[in-house]
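The values are calculated or read from the model by the stated rules, or taken from the named source; none is laboratory data. All values reported here derive from a predicted model rather than from experimental measurement. Cβ coordinates were reconstructed from backbone atoms using ideal geometry, including for glycine residues, and neighbour counts include every protein chain displayed. Please note that ligands, DNA and RNA were not included when accessible areas were found on the heavy atoms of the full protein model with its side chains. Shrake-Rupley method; radii C 1.70, N 1.55, O 1.52, S 1.80 Å.
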Amino acid sequence: MKVSFVSFLPMEHELDKELRAAFERVYKRSWYIEGLEDEAFEKAFAEFCDTKYCIGVGNGLDALMLALKALGIGDDDEVIIPSNTYIATALAVTYVGAKPVFVEPNLKTFNINPSLIEQAITAKTKAIMPVHLYGQACDMDPIMEIAKKYNLYIVEDCAQAHGATYKGKTVGSFGDVAGFSFYPGKNLGALGDAGATVTNNKEIADMVRALGNYGSDYKYHHIYQGNNSRLDEMQAAFLSAKLPHLDRINIERRRIADRYLAEIKNPEVILPYVADNMVPVWHILVFVVKEEMS
């Protein structure tokens, strides 16, 4: 029996009517950038993340990069990130001119090890970027305590963890700002590239929006050296069609994962660990094999 690593067809097929209706709605309106669909999705996703603001952007990398720029992080600054993460985390740091400082993970969860963060802090450290890897939240309490002790920003990388919770609180709502990816394979995936930055800070939200719109706070008025990174109307409409189903999809992922966890008995396979105070969404279910198996 072949089990695909990922297959988009079943995910899209069950929402066929909603997705086609979303396309028709945007197509008939003939408004493709910064319109009603973008506004509606941003409002809904901010509510989903339990944050005040959401700014749609072009992709997950831009969501993190623009967040760092909005915080004023740049040349000669340092940002602490996990050593095992997708390259976009490190690229976001280097794109603003800062230096990524790598910290090893907790081998039980694969997320950044809070007990190793403090020793990586220097006078140049400006932020900690915890990555909620594979759909499981980081151990946020000690990370937040360290950030408070050293007056550091927290920029959450939530690209793989839409809807995951830590002690009942949704990822993306802990730090100063957070970035999400809506790459098609994500738990909440667009039909193309897309991303979002969420925050409870209006000043940060306004800055991210301006930076992603050529540095413009209103049309033809440019106050920053910005980028072109905006969530287009079509992807916003597709995401709005999918978002109401995300909790159900995450529950189904947990059901499937629970079966793997219950029925895999091979002593050479180390199963993923889940702390009692966390609810994962299993973007990827990762196992560790002790030795090469024949």
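Taking the stretch 81-98 as the search range and keeping residues that are closer than 25 Å to GLY189 by Cβ and among the hydroxyl-bearing types (Ser, Thr, Tyr), which one is least open to solvent (accessible area, probe 1.4 Å)? Step through it out loud before you land on a result.
Kept after step one, since they are closer than 25 Å to GLY189 by Cβ, are these residues of the stretch 81-98: 81-82, 84-93, 95.
Next, only the ones that are among the hydroxyl-bearing types (Ser, Thr, Tyr) stay: 85-86, 89, 95.
Details: THR85: 42, TYR86: 159, THR89: 2, TYR95: 134 Å².
Among those that are closer than 25 Å to GLY189 by Cβ and among the hydroxyl-bearing types (Ser, Thr, Tyr), it is THR89.
Among the residues of the stretch 29-47, is there at least one that is among the hydroxyl-bearing types (Ser, Thr, Tyr), without any contact (Cβ under 8 Å) to a residue 60 or more places away in the chain and open to solvent by 70 Å² or more (accessible area, probe 1.4 Å)?
The answer is yes, given that some residue of the stretch 29-47 is among the hydroxyl-bearing types (Ser, Thr, Tyr), without any contact (Cβ under 8 Å) to a residue 60 or more places away in the chain and open to solvent by 70 Å² or more (accessible area, probe 1.4 Å).
Taking the condition of a type in the set (Phe, Trp, Tyr), within 17 Å of the chain's Cα centre (by Cα), open to solvent by 50 Å² or more (accessible area, probe 1.4 Å) and closer than 29 Å to VAL177 by Cα, does TYR53 pass?
On the way: of a type in the set (Phe, Trp, Tyr): yes; within 17 Å of the chain's Cα centre (by Cα): yes; open to solvent by 50 Å² or more (accessible area, probe 1.4 Å): yes; closer than 29 Å to VAL177 by Cα: yes.
Yes.
Anything in the stretch 83-111 that is within 23 Å of ILE270 (Cβ to Cβ), within 19 Å of the chain's Cα centre (by Cα) and among the polar types (S, T, N, Q)? List them, or say none.
SER83, ASN84, THR85, THR109, ASN111
Scan ARG230, ARG254 and give me the residue that is under 30 Å from LEU107 (Cα atoms) and either at pLDDT 95 or above or in a strand (DSSP E or B) (or both).
On inspection, the qualifying residue turns out to be ARG254.
So, in the stretch 267-286, exactly how many residues are without any contact (Cβ under 8 Å) to a residue 24 or more places away in the chain and open to solvent by 50 Å² or more (accessible area, probe 1.4 Å)?
Start the filter on the stretch 267-286 by keeping residues that are without any contact (Cβ under 8 Å) to a residue 24 or more places away in the chain, which leaves 267, 269-271, 276.
From what is left, the residues that are open to solvent by 50 Å² or more (accessible area, probe 1.4 Å) are 267, 270-271, 276.
Total satisfying the criteria: 4.
Hey, among the residues in the stretch 241-259 that are under 21 Å from PHE8 (Cα atoms) and without any contact (Cβ under 8 Å) to a residue 60 or more places away in the chain, which one's most open to solvent (accessible area, probe 1.4 Å)? Walk me through how you get there before you give the answer.
We begin by selecting, within the stretch 241-259, every residue under 21 Å from PHE8 (Cα atoms); these are 241-257.
Adding the requirement that they be without any contact (Cβ under 8 Å) to a residue 60 or more places away in the chain leaves 244, 248, 251-252, 254-257.
Values: PRO244: 102, ARG248: 108, ILE251: 99, GLU252: 79, ARG254: 61, ARG255: 131, ILE256: 75, ALA257: 3 Å².
So, considering only residues that are under 21 Å from PHE8 (Cα atoms) and without any contact (Cβ under 8 Å) to a residue 60 or more places away in the chain, the one most open to solvent (accessible area, probe 1.4 Å) is ARG255.
How many of the residues making up the stretch 99-120 are open to solvent by 10 Å² or more (accessible area, probe 1.4 Å), among the polar types (S, T, N, Q) and in contact with an Asp or Glu (Cβ under 8 Å, 6 or more places away or on another chain)? Even if it seems obvious, please write down each step before you answer.
Within the stretch 99-120, the first condition is being open to solvent by 10 Å² or more (accessible area, probe 1.4 Å), and the residues that meet it are 99-102, 104-110, 113-116, 118-120.
Filter once more, so that each one left must be among the polar types (S, T, N, Q): 106, 109, 113, 115, 119.
Filter once more, keeping what is in contact with an Asp or Glu (Cβ under 8 Å, 6 or more places away or on another chain): 106, 109, 113.
The qualifying residues number 3.
Could you check, for the stretch 64-80, whether at least one of its residues is modelled with pLDDT of 95 or more, closer than 30 Å to LEU271 by Cα and buried (at least 24 other Cβ atoms within 10 Å of the Cβ)?
Taking every residue of the stretch 64-80 in turn, at least one turns out to be modelled with pLDDT of 95 or more, closer than 30 Å to LEU271 by Cα and buried (at least 24 other Cβ atoms within 10 Å of the Cβ).
Just one of VAL101, VAL6, VAL26, VAL79 is more than 22 Å from THR170 (Cα to Cα), hydrophobic (A, V, I, L, M, F, W, C) and part of a loop (DSSP other than H, G, I, E, B); which is it?
VAL6
Which ones in the stretch 202-227 are touching a Ser or Thr at 6+ places or on another chain (Cβ under 7 Å), at pLDDT below 95 and either within 21 Å of ALA178 (Cβ to Cβ) or surrounded by 15 or more Cβ atoms within 10 Å (Cβ to Cβ) (or both)?
Scanning the stretch 202-227 gives a single hit, GLY226.
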